[in-house]
Amino acid sequence: MKMKYANVCVAVLLAILALSACSEADDQVPDGMARVEVRLSAPYQRATRATGDWLDPISSKEKIHDYWVVFVKSGVVEELVAGSCGSDGKEEDSFQFFLPPGTYTVYAFANLDFSALNIRKGAALPTNLTTKKLATTNGWTNDIPMSNNVQGQRVTVAEVENQSFEVELVRVMAKIQLDFENFSNQQIDILGYEIYPLTKTNVSLFEPAQPADIVTAATNSEAYTVDLSEAPITLTPINSSGHGGTGSAWCYVNETNATATATHNQYSIRLKVLRNTTVEEFRYGFTVNSASSGFDYIRRNDWIKLPIVVRDWRFRVEALPFPPIAGFQSRVVSADALSITFNTGGYIFLRPMFRKNSDPEGVWRNFDDSDVVFKLADNYTTNATTGAAECIDSESGTGLIMTGDLRIFEAGQYFTQLPSGDIVGKLDNAEGKTGMVTVTIKVKLEGLEYEFNYNIFKVN
């Protein structure tokens, strides 16, 4: 619930620097001054994917604790007000004080080491604030640092009554939440998870002007791992009413620009689970820099909620390099559950394969199985010049969505689907023809639809 502005923290009043705070009984405004009320809040930012959920934080770590508000005129710090909302924190707070009329740039900070910023009343505002870094780390356990933006907030103080200003604070970190639901016939215990790539270096005090200014995951990245083995998240099996166990886990992470290179356009999530006394690893991913996904990078103040549903089906893509007679062979450089890398040219085959946990060991099903229906994409047009999404044979409904750099294929040669369900394409063997495509495979399993994004890379 939002705080009424009349409820002012006593600690805030005691902590105002260089000024005498206003009290309820203090009706006299000093000559040449104006009474000002400042309202601090830490809502979601319009530019982020965070939602109003941030306004009902899970933890007090996400709230305002100690804060500092700085008023700057002509590059000089005119006033500096400090306050505290206590150990429990608040979503909003307000305070009143006196300030000479004029136009100011307001900067606000919370939950950080303010002394390290070297901001002093009567001195010039430090010019290095735009490059200042905060020593954060993935899996942050303290109160989340906050700041406003690098341009500050312009306000005009006039000699009038009842004037107030809303000053927004932005969390410098993001929150990733994994929401689990079990639709399998076995109990699932989540023993841990890993997220990659996340920025392992310090983050900027202020939000970068554009994603390119964020430290890139390609050069300073890490796989952040959480161990839940001591207190697993237990998901009960699906019951007769069609419901299974649910659970959630979340962590605070640095903002990350994961679009620096083509090979880092997908975030990977690895789950370590216990099922029927057997420890297994599942891997999931969500693609960034994609118009269909809406993800380009992890911004500060994001609250990204990722639903992870566990079912009795398993999916994998088998990469099959088949050399034509007297032709070039496409050699597999690397492959995993989400991507595959080839070099040279020639034909490549991708074989989507499925199996149910109750199937005999080693048995994998093809698309002709009655429980497995290939849901084919349509309504896409071929545009090889610009690399737009395409669909092969859209009239009959067969084909794949393809995005990325289509120049890795020979002219007029793209992926198509064979009657067997295999997907075949021919890579361009010309020098310098490198790049990536993202293949979206849509599948219907036992009446439920799924979508798999699979990255194909070609390197020299």
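The values are calculated or read from the model by the stated rules, or taken from the named source; none is laboratory data. Computed from a prediction, not measured in an experiment: that's the story for all the values here. For neighbour counting, all protein chains shown are included, and Cβ atoms are generated from backbone atoms with ideal geometry for every residue, glycine included. For the accessible areas, the whole protein counts, side chains as well, though only heavy atoms, and no ligand, DNA or RNA atoms are used. Shrake-Rupley method; radii C 1.70, N 1.55, O 1.52, S 1.80 Å.
Please list, ordered by chain and number, the residues whose modelled amide H lies under 5 Å from the amide H of THR136; skip anything fewer than 5 residues away on the same chain.
Result for THR136 returns VAL203.
Order HIS65, HIS243, most accessible first, counting only protein heavy atoms with a 1.4 angstrom probe. Provide the component values of the computation, followed by the final result.
On the way: HIS65 10, HIS243 110 Å².
Reading off the accessible areas and sorting them downward yields HIS243, HIS65.
State the extension gain, in nm to one decimal, for the chain segment bounded by ASP113 and THR141, taking 0.36 nm per residue of separation less the distance between their alpha-carbons.
8.5 nm
Can you list the GluC sites (Glu not before Pro) in the stretch 117-208 that are in a DSSP coil and have 13 or fewer other beta carbons within 10 angstrom? Spell out each step's value before the answer.
On the way: sites: GLU159, GLU161, GLU166, GLU168, GLU181, GLU194; in loops: GLU159, GLU161.
Listed in order of number, the matching sites are GLU159, GLU161.
Mind ranking THR103, THR131 by accessible surface for me, highest first, 1.4 Å probe?
From most accessible down to least: THR131, THR103.
Roughly how many nanometres apart are two label points built 7 Å out from the Cα toward the Cβ at SER164 and HIS243?
4.2
Give the accessible area for PHE165 in Å² (nearest 10); use a 1.4 Å probe, count only protein heavy atoms, and leave out ligands, DNA and RNA.
Roughly 30 Å² of PHE165 is accessible to a 1.4 Å probe.
Heavy atoms of the protein only, probe of 1.4 Å, neighbouring chains included. What is the accessible area of LYS426 in Å², nearest 10?
The value for LYS426 is about 50 Å².
Going by accessible area, probe 1.4 Å, with all protein chains left in place, what is the ranking of TYR454, TYR107, largest first?
Order by accessible area, largest first: TYR107, TYR454.
Can you bin the stretch 157-205 into rounded, prolate or oblate? Criterion: square roots of the alpha carbon gyration tensor eigenvalues sorted a ≥ b ≥ c, rounded for a/c under 1.5, prolate for a/b above b/c, oblate for the rest.
oblate
Just list whichever of LYS73/LYS121; LYS200/LYS272; LYS63/LYS175; LYS200/LYS458; LYS356/LYS458; LYS61/LYS272 have alpha carbons separated by over 20 Å in the model shown.
Details: LYS73/LYS121 11 Å; LYS200/LYS272 22 Å; LYS63/LYS175 13 Å; LYS200/LYS458 28 Å; LYS356/LYS458 32 Å; LYS61/LYS272 27 Å.
The answer is LYS200/LYS272; LYS200/LYS458; LYS356/LYS458; LYS61/LYS272.
Can you tell me how much longer the chain between ASN276 and ASP359 gets when fully stretched, taken as 0.36 nm per residue apart minus their C-alpha distance, in nm with one decimal?
Once the chain is fully extended between ASN276 and ASP359, it gains 28.4 nm.
SER358 accessible area, nearest 10 Å², 1.4 Å probe?
Estimated to the nearest 10 Å², SER358 gives 100 Å².
Hey, can you find the accessible area per residue of the stretch 61-176 for me, probe 1.4 Å, expressed in square angstrom?
Using a 1.4 Å probe on heavy atoms only, each residue of the stretch 61-176 averages 40 Å².
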